[in-house]
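Notes for the one structure printed next.
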Amino acid sequence: MQEKLTSSTDDSVSTEGKKRICPECSSTDLMRDYDLAEIVCEHCGHVIDEKIADTRPEWRAFDDEQKTKRTRVGAPITFTIHDKGLSTTIDWNDRKSIGGKLSTTQRMELYHLRKWQRRVRVSDSTERNLAIALSELGKFSSALNLPKNIVETASVIYRRSLKKKFIRGRSIHCVTAAVIYLSCRQCGIPRTLDEIAAISNLNKKDIARSYRLIVRALESYVPPSTSRNYAARFSNILAISSKAEVMAIKILEVAKKLKLTSGRSPTGIAAAATYLSTVLANERKTQREIADVANVTEVTIRNRYKELLEKLMIEVDI
């Protein structure tokens, strides 16, 4: 096994911090040969170093799951924990490492060690605030069925907000809900303020106020919500066929070219396109069913539905 050296590897940099070169021809094209445990110059073949250590793992992994199970260096760094997962924890298993139970005195000592270890992990008010907020982010993401990248993004946004100290004195619950909504917008996950407000039991206006504050303070770019993502989500919830889902997305693409989506709520136009696609595909869903899923009124669906029929010149057999 051979590998070409780069300046980022330890063996290619000398103790003075300069890039290692061949002493014979002054070439920087070096190669690490793992089979012979040597560093060889590719230009003249001079052996620069011998008996180098092989830092590669002795196991092989063919997917991420195997890589995670077989690695022995601990969990990766994550922003969803206030200490980024770098601290240690004391196991609750009151048994000796060589086997056998602990005595009563030893169990009491271990209990006090666990208690003080938890207190040391959260040393000041800032870390306590961060620990509570990240715990709330985890609860919101579980309730909304959000992927891990949303939680990681939200954690980074909250850390930046806490570092700038402009959320001091504000409700942690409102700020975490606003951060979740901002991360969903940035990652293209269709979630509305109404859904987040319903999950968090907070006022929608308070979440929106915190959201605007964070966007202005961090100068974050927030892409506009796309009705296409909402249409795909509504189709999955309503369990309609892939044919109707593709038809709804095509209707929205044509409507966007005709600028029918400008000034319209993405959830309302997506709900109307979904309803129209079910009618065209002969998989009729009632307007009430789609309105409940999209969290809009039936009047909104009817108005957007009539506009799509008129502007796209679609004829529907009643």
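Below are the figures for this structure:
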{"quantity": "Three semi-axes of the equivalent ellipsoid, the stretch 125-218, Cα gyration tensor, whole Å, largest first", "calculated": "18, 14, 13"}
{"quantity": "10 Å binning of all Cα-Cα separations within the chain, expressed as whole percents from 0 upward", "calculated": "5, 17, 17, 17, 17, 15, 9, 3, 0"}
{"quantity": "Approximate spin-label separation ASN303-ARG170, in nm, with each point projected 7 Å along Cα-to-Cβ", "calculated": "3.1 nm"}
{"quantity": "Sites SER135 and LYS250, calculated FRET efficiency, Cβ-Cβ separation with R0 35 Å, nearest 0.05", "calculated": "0.25"}
{"quantity": "Relative contact order (percent, whole number), the chain, Cα cutoff 8 Å, 6+ residue spacing", "calculated": "8 percent"}
{"quantity": "Pairwise label distance in nanometres, TYR34 with MET108, each label 7 Å out on the Cα-Cβ vector", "calculated": "5.4 nm"}
{"quantity": "Mean-position separation - Cα centroids, the stretch 82-142 and the stretch 168-184, in angstrom", "calculated": "26 Å"}
{"quantity": "Charge dipole magnitude, Cβ of K and R +1, D and E -1 - the chain, Cα centre, debye nearest 20", "calculated": "1960 debye"}
{"quantity": "Within the stretch 280-303, backbone nitrogen closer than 14 Å to the virtual label 7 Å beyond the Cα of LYS243 toward Cβ", "calculated": "280-284"}
{"quantity": "Counted charge near ARG114, where neighbours are those whose Cβ lies closer than 13 Å (Asp, Glu -1; Lys, Arg +1)", "calculated": "+2"}
{"quantity": "Equivalent-ellipsoid semi-axes of the stretch 227-312, from the Cα gyration tensor, Å, largest first", "calculated": "17, 14, 12"}
{"quantity": "Among LYS51, LYS256, LYS285, residue whose mean-square fluctuation peaks in a GNM of the chain (springs only between Cα atoms under 10 Å)", "calculated": "LYS51"}
{"quantity": "Residue (of ILE237, PRO147, TYR181) at the positive-pole extreme of the chain, dipole from beta-carbon charges", "calculated": "TYR181"}
{"quantity": "Lysines whose Cα lies under 23 Å from that of LYS165, excluding same-chain neighbours fewer than 8 positions away", "calculated": "LYS84, LYS205"}
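None of the figures in this text is laboratory data; all of them are computed from the coordinates on show. Because the structure is a prediction, the values reported are computed rather than measured. When we count neighbours, we look across all protein chains shown, and the Cβ atoms used for this are built from the backbone with ideal geometry, even at glycine.
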